[in-house]
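J.: Submitted below is the structure of interest, expressed as structure tokens.
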Amino acid sequence: MKNFTKIPFNKPFLVGNEIKNIKKVIQSGKISGNGLFTQKCHNFFKQKYSFPYVLLTTSCTDALEMSAILLDIKKGDEVIVPSFTFVSTANAFVLRGANIVFADSCSHHPNVSLETIIPLVTKKTKAIVVVHYAGIACEIDKIKEFCDLNGIYLIEDAAQAIDGYFKERPIGSFGTFSTFSFHETKNIISGEGGLLVINDKSFVDRAEIIWEKGTNRSAFFRGEIDKYGWVDIGSSFLPSEIIAAYLYAQLENLDKIQRKRKALWNRYWENLQTLEKGKHIILPEIPSFSSNNAHIFYILCKSASERQKLIDHLKVNNIFATFHYQSLHLSKYYEHKHTNANKIENANMFSDTLLRLPLFYEMTKSQVDFVTDKINEFYV
Ligand SMILES: *Cc1c(COP(=O)(O)O)cnc(C)c1O
């Protein structure tokens, strides 16, 4: 068996014209935002996924913050958010004064379900935010139907879910708003980067204004008005053309990147079958209604201490595996603000037992084999 000097958890990569595109942008004399490459990226998302309206942002966090502004979230509004997620999913709404009501994960998957959400809904519930963990769709059709029936806004935090599908329909096409991330740890990267998808046309004009620091500059550049000014609140949410240029090169290679990641993911899956059958570990569940975009390969260990021993064992072999979210309702910032009395046990279980294995575009199958050999060595 070949030994590797180091297998990192993640590694940023170039796949095509990233450098060439960035040079082009600099030579064009305009490196600020909303230029040619931003338009190219917008068109890509509209064509590939039929998203009706999109705006590139500097992060998924920004796209979530824009969603909260667009919905006029105010003090006293309740927003239901998974406990097992990244801080931004909740923080974007906390910034506008919302009370966060945390929902538990399913027992068999980190995603929330309609069942874990319904007991939390009150008259004050203004929005529900779902996360498609590891790029695996939650039961978004049922949740959307419930939101529509009850006049509640739905936001898809699809940070991890690029090129993911619920049945045949792209993830990101269900929420009033959906948000994607191109952070260097995601499938498609631009360092920092994000996307806001707007599926309700009535929010489009205001979204553009908020995106352009509260001004109607976008309309001005289209020649619709003869001067632009301050018309609403907003911020600097649009990325520079340098980021869009990097991103566009990745998007042009999306299918290639996805094929590679899926092959690595499947290799992990095959190599770890025996350990799962021996009940040493649990492998990820992919419900029949969801595609697998191969964002994360995780395993579930029996306990936090067993997981730590496995992490240490892998580290000794220069393999860097890592756990994921710690439940937000127990976080230092929110613990004392958390008031809903529902049980949140599954999220805590995933916090304690979920382990993410290395998975990145330039990883090789023999590196996957090396990782799974070392995991086998640990258990048997
Ligand atoms: C990565 C991630 C974010 C944050 O994305 P940024 O682009 O870094 O702001 C938000 N939510 C989830 C679920 C994520 O995985």
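J.: Hey, for a label at Asp232 modelled as a point 7 Å past Cα toward Cβ, could you say which residues of the stretch 23-49 have their backbone N under 19 Å away?
T.: Of the residues in the stretch 23-49, 34 have backbone N under 19 Å from the label point off Asp232.
J.: Measure up Lys6/Lys337; Lys260/Lys315; Lys46/Lys126; Lys315/Lys337; Lys167/Lys337; Lys142/Lys343 against 30 Å on the Cα-Cα distance and list the ones that go over. Mind showing how you got there, number by number?
T.: Numbers: Lys6/Lys337 42 Å; Lys260/Lys315 25 Å; Lys46/Lys126 28 Å; Lys315/Lys337 37 Å; Lys167/Lys337 37 Å; Lys142/Lys343 22 Å.
With Cα atoms farther than 30 Å apart: Lys6/Lys337; Lys315/Lys337; Lys167/Lys337.
J.: Separate question: Under the classification rounded if a/c is under 1.5, otherwise prolate if a/b is larger than b/c and oblate if not, where does the chain fall, given a ≥ b ≥ c as square roots of the Cα gyration tensor eigenvalues? Each step should come with its number before you reach the end.
T.: Details: a/c = 2.10, a/b = 1.27, b/c = 1.66.
Cα axes put the chain in the oblate bin.
J.: Distance from a point 7 Å along Cα→Cβ of Phe9 to each backbone N in the stretch 339-380: keep the residues under 11 Å and list them by number.
T.: Once the point is set 7 Å along Cα→Cβ of Phe9, 355-359 turn out to lie under 11 Å by backbone N, inside the stretch 339-380.
J.: What order do you get for 117-126, 59-68 when each peptide is scored by the mean count of other beta carbon atoms within 10 Å, highest first?
T.: On the way: 117-126: 14.8, 59-68: 26.1.
In descending order of packing, they fall as 59-68, 117-126.
J.: At 7 Å along the Cα-to-beta-carbon direction for both Ser107 and Glu345, put a label point, then send me their distance in nm to one decimal.
T.: 0.9 nm
J.: Further question: Mind checking which of Ile242, Phe203, Trp230 is farthest towards the positive end of the stretch 182-273's charge dipole, using Cβ charges of +1 (Lys, Arg) and -1 (Asp, Glu) about the Cα centre?
T.: Toward the positive end, the furthest listed residue is Ile242.
J.: On the accessible surface of the stretch 51-121, probed at 1.4 Å, how many percent belong to carbon and sulfur atoms? Before the final figure, lay out each step's value.
T.: On the way: 1200 of 2170 Å².
Answer for the stretch 51-121 is 55 percent, counting heavy atoms of protein chains only.
J.: Would you mind computing, in nm to one decimal, how far apart the modelled labels at Asp255 and Arg222 are, each placed 7 Å from Cα along Cα→Cβ?
T.: 3.1 nm
J.: Among Ser305, Ser351, Phe323, which residue has its Cα positioned farthest towards the positive end of the charge dipole of the stretch 290-380, with +1 placed on the Cβ of Lys and Arg, -1 on the Cβ of Asp and Glu, and the dipole taken about the Cα centre?
T.: Looking along the dipole axis, the top candidate is Ser351.
J.: On to the next question. Answer with one residue from Tyr53, His108, Ala161: the one whose Cα lies farthest towards the positive end of the charge dipole of the chain, charges on Cβ with Lys, Arg +1 and Asp, Glu -1.
T.: Checked the options; the winner is Ala161.
J.: Please compute the length gained on full extension between Asn150 and Glu362, using 0.36 nm multiplied by the number of residues separating them and subtracting their Cα-Cα distance. Spell out each step's value before the answer.
T.: Values: separation 212, 0.36 × 212 = 76.32 nm, distance 4.57 nm.
Separation in residues times 0.36 nm, less the Cα-Cα distance, equals 71.7 nm.
J.: Roughly how big is the stretch 172-232's charge dipole about its Cα centre, with Cβ charges of +1 (Lys, Arg) and -1 (Asp, Glu), in debye to the nearest 20?
T.: Details: 7 positive and 9 negative charges, 6 e Å.
Computed charge dipole of the stretch 172-232: roughly 20 debye.
J.: Let me ask something else about it. So, counting K/R as plus one and D/E as minus one, what does the shell of residues with Cβ under 14 Å around Asn348 add up to?
T.: Working: positive: Arg307, Lys343; negative: Asp104, Glu335, Glu345, Asp352.
Combined, the nearby Lys, Arg, Asp and Glu give -2.
J.: Loop only per DSSP, at most 13 neighbouring Cβ atoms within 10 Å: give me the chymotrypsin sites (Phe, Trp or Tyr not before Pro) in the stretch 331-380, ordered by residue number. Write out the running numbers ahead of the final one.
T.: Working: sites: Tyr333, Tyr334, Phe350, Phe360, Tyr361, Phe370, Phe378, Tyr379; in loops: Tyr333, Tyr334, Phe360, Tyr361.
For chymotrypsin sites (Phe, Trp or Tyr not before Pro) across the stretch 331-380 that sit outside H, G, I, E and B with at most 13 neighbouring Cβ atoms in 10 Å, the list reads Tyr333.
J.: Each label point is 7 Å from the Cα along the Cα-to-Cβ direction; what then is the distance between the points at Asp141 and Asp312, in nm?
T.: Once both label points are built, they end up 4.8 nm from each other.
J.: Let me ask something additional. Classify the stretch 87-244 as rounded, prolate or oblate from the Cα gyration tensor: take a ≥ b ≥ c as the square roots of its eigenvalues, call it rounded if a/c is under 1.5, otherwise prolate when a/b beats b/c and oblate if not. All intermediate terms of the calculation are to be shown ahead of the outcome.
T.: Working: a/c = 2.03, a/b = 1.51, b/c = 1.34.
Prolate shape, in that a/c is at least 1.5 and a/b is the bigger ratio.
J.: Something else now. Kindly provide the trypsin sites (Lys or Arg not before Pro) of the stretch 266-341 that DSSP labels as loop, not H, G, I, E or B, and whose Cβ sees at most 14 other Cβ atoms within 10 Å. Before the final figure, lay out each step's value.
T.: Values: sites: Arg267, Lys277, Lys279, Lys302, Arg307, Lys309, Lys315, Lys332, Lys337; in loops: Lys279, Lys302, Lys332, Lys337.
Listed in order of number, the matching sites are Lys279, Lys302, Lys332, Lys337.
J.: With charges only on Cβ, +1 for K and R and -1 for D and E, what is the dipole size of the chain about its Cα centre, in debye, rounded to 20?
T.: On the way: 45 positive and 40 negative charges, 158 e Å.
Its charge dipole is roughly 760 debye.
J.: Note down the magnitude of the dipole of the stretch 31-166 about its Cα centre, charges +1 on Lys and Arg C-beta and -1 on Asp and Glu C-beta and zero elsewhere, to the nearest 20 debye. Write down the numbers at each step before the final one.
T.: Details: 11 positive and 14 negative charges, 75 e Å.
Computed about the Cα centre, the dipole is about 360 debye.
J.: On a full-extension model of 0.36 nm per residue, what is the gain between Glu184 and Arg169, subtracting their alpha-carbon distance, rounded to one decimal in nm?
T.: On the way: separation 15, 0.36 × 15 = 5.40 nm, distance 2.58 nm.
Length gained between Glu184 and Arg169: 2.8 nm.
The values are calculated or read from the model by the stated rules, or taken from the named source; none is laboratory data. Keep in mind it's a predicted model, so treat the numbers as computed, not measured. Positions of Cβ are backbone-derived with ideal geometry, glycine not excepted, and every protein chain shown enters the neighbour counts. Just so you know, the surface numbers come from the protein's heavy atoms only, side chains and all, with ligands and any DNA or RNA stripped out. Shrake-Rupley method; radii C 1.70, N 1.55, O 1.52, S 1.80 Å.
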